[in-house]
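To start, the structure itself, in structure tokens.
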Amino acid sequence: MTRKRRREPLPLWWIVTVSALAVVVLALGASFVWRLMHPPVTPFVDAESDGPPVVIQINVVNASGVRGAARRAMEFLRERGFDVVELSTAADTLRHTVVIDRVGDVSSARKVASVIGVEEQRVSSSIDSMLFVHASVVLGADVGALDAFQP
């Protein structure tokens, strides 16, 4: 009769090491998928020239009726590299937040909209060279749902 050899249990250090590696691989995989679905947005104007990059300049108008909303949006955008040059408050309240292209560069306005969480159909153009900004963000009553106002 042949004796069956008894299998030794796996050492604890081996189980811990393999488990830690599995967690690291899953975290890196999730990060990779997240980046594919949400590519980072640069705060620079898409330029064809070889000159220095130009930062997108923005003015923020608070038409939300929420006190301090423009300042919170300004801080959020500045943390991401955008240049917020002016804050103001509108007399009337808007229902939805909009981003307005001011220089004929819709791609810059779309970048701003993407960063703060405004849908692309809420981006429009209204050229106004007297504002000296690339885009205007007009905050509406939906500010609580925007990325800039999430905890």
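What follows draws every value from the coordinates through simple rules; no lab data is involved. Treat the numbers as computed from the prediction; the structure is a model and nothing was measured. No Cβ is skipped: glycine too gets one built from the backbone with ideal geometry, and neighbour counts run over all protein chains shown.
At a glance:
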read-out: Binned Cα-Cα distances of the chain, short to long, each 5 Å bin given as a whole percent; value: 2, 9, 15, 17, 14, 8, 6, 5, 4, 4, 3, 3, 2, 2, 2, 2, 1, 0, 0, 0
read-out: Sorted peptide list for 72-83, 136-147, criterion being average Cβ within 10 angstrom, highest first; value: 136-147, 72-83
read-out: Label-to-label distance, nm, for residues given as Ala145 and Met37 (7 Å Cα→Cβ offset); value: 1.9 nm
read-out: FRET E, pair Ser107, Arg67, Förster distance 35 Å, beta-carbon r, rounded to 0.05; value: 0.60
read-out: Fully extended contour minus Cα-Cα distance, from Asp92 to Phe44, at 0.36 nm per residue; value: 14.2 nm
read-out: Cα-based Rg of segment 64-131 normalised by 2.2 N^0.38 Å, two decimals; value: 1.10
read-out: Charged-residue dipole, Cβ positions (Lys, Arg, Asp, Glu), the chain about Cα centre, Debye nearest 20; value: 1560 debye
read-out: Where labels lie 7 Å past Cα in the beta-carbon direction, separation of Lys4 and Met130 in nm; value: 9.1 nm
read-out: DSSP H segments from the chain that extend 20 Å or more along their own axis, Cα-based, with Kyte-Doolittle mean of 1.0 or above; value: 12-37
read-out: Leading residue at positive end of dipole, the chain (Cβ point charges), from Ser19, Val133, Gln57; value: Ser19
read-out: Value at 222 nm in deg cm²/dmol, rounded to 500, when DSSP H runs of n ≥ 4 in the chain each add -39,500 (n - 2.57); value: -10500 deg cm²/dmol
